[in-house]
Amino acid sequence: MAHVVFLRAANVGGKNVFRPAQLAVALSHLDAVNVGAAGTLLVRGKAPAATIRREISERLPFDLEMSVRPVREVLDLIRSQPFAGVKFSKDLRGWVAVLARPSRARPAFPLSVPEGKAWSVRFDRIEGAFALGVWRRRPERFVSPNKVVEDALGIPATMRYWETIERVAELAEG
């Protein structure tokens, strides 16, 4: 079964000098493909999630949180069209946060940060292992959707913009 790996806080290009494309090459025996620059890998080889997790951990000189999800979950999310009717732009983007584990917290949705008409992040719902919402550019300050999710749920998560999720689905189906 194919899987999608979402690495959290990999600090791409920062002090850890992590290069997801190099990791994908090191995992070529698992038919791994790098998607974007934030630490998202499509692993098309037939390996269990535990094996993928172990192989990645062995190749990184630092510890990080990772979520390894069956690709069918991502494809099901795409098919559900969670952002149907929303017109995205550079100033309005959909996001998906992959949850490290289930959360007992259930905030009232939608949850907007900051509250009111000047919101920058709207956390709309949870679908399985995924938290979903919309990010809106605000000149005052950047609000991280990932931080909003982690604060609301009390668990680690790793966020990707919707276009990355769409790209994973394209690669998985193609």
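Read through the list (1) surrounded by 15 or more Cβ atoms within 10 Å (Cβ to Cβ); (2) on the phi > 0 side of the Ramachandran plot; (3) not basic (Lys, Arg), then give the number of the only condition that residue 116 fails.
(1)
If you check every pair at least six apart or on different chains, which have Cβ atoms under 8 Å apart with a residue in the range 15-28 that is assigned by TED's automatic domain parsing to the domain that holds residue 40 first and a residue that is modelled with pLDDT of 90 or more and surrounded by fewer than 12 Cβ atoms within 10 Å (Cβ to Cβ) second?
Taking only residues 6 or more apart or on different chains, the pairs are 23/59; 26/59; 27/59.
Kindly list, by first and then second residue, each pair from a residue in the range 122-145 that is part of a loop (DSSP other than H, G, I, E, B) to a residue that is surrounded by fewer than 13 Cβ atoms within 10 Å (Cβ to Cβ) and among the charged types (D, E, K, R), limited to pairs with Cβ atoms under 6 Å and residues at least 6 apart or on different chains.
Every condition considered, the pairs that remain are 137/91.
Could you list all residues from the range 131-157 that are touching a helix residue (DSSP H, G or I) at 6+ places or on another chain (Cβ under 7 Å) and either over 24 Å from residue 37 (Cα atoms) or buried (at least 21 other Cβ atoms within 10 Å of the Cβ) (or both)?
Within the range 131-157, 131, 133, 135, 157 qualify.
Regarding the range 56-74, can at least one residue be identified that is of a type in the set (Gly, Ala, Ser), more than 26 Å from residue 147 (Cβ to Cβ), without any contact (Cβ under 8 Å) to a residue 40 or more places away in the chain and assigned to a helix (DSSP H, G or I)?
For the range 56-74, residues of a type in the set (Gly, Ala, Ser), more than 26 Å from residue 147 (Cβ to Cβ), without any contact (Cβ under 8 Å) to a residue 40 or more places away in the chain and assigned to a helix (DSSP H, G or I): absent.
Being under 13 Å from the mean Cα position of the chain (by Cα) and charged (D, E, K, R) narrows it down to one of 167, 106, 137, 122, so name that one.
Exactly one of 167, 106, 137, 122 is under 13 Å from the mean Cα position of the chain (by Cα) and charged (D, E, K, R), namely 167.
Restricting to the range 27-38, name every residue that is at pLDDT 90 or above and either surrounded by 15 or more Cβ atoms within 10 Å (Cβ to Cβ) or in a strand (DSSP E or B) (or both).
Passing the criteria: 27, 30, 32, 33, 34, 35.
Out of everything in the range 87-113 that is within 27 Å of residue 167 (Cα to Cα), exposed (fewer than 12 other Cβ atoms within 10 Å of the Cβ) and of a type outside the set (D, E, K, R), what residue ends up being modelled with the lowest pLDDT?
102
The values are calculated or read from the model by the stated rules, or taken from the named source; none is laboratory data. Note that the structure is predicted; figures quoted are calculated from it, not measured. Heads up, the Cβs are rebuilt from the backbone with ideal geometry, glycines too, and the neighbour counts pull from every protein chain shown.
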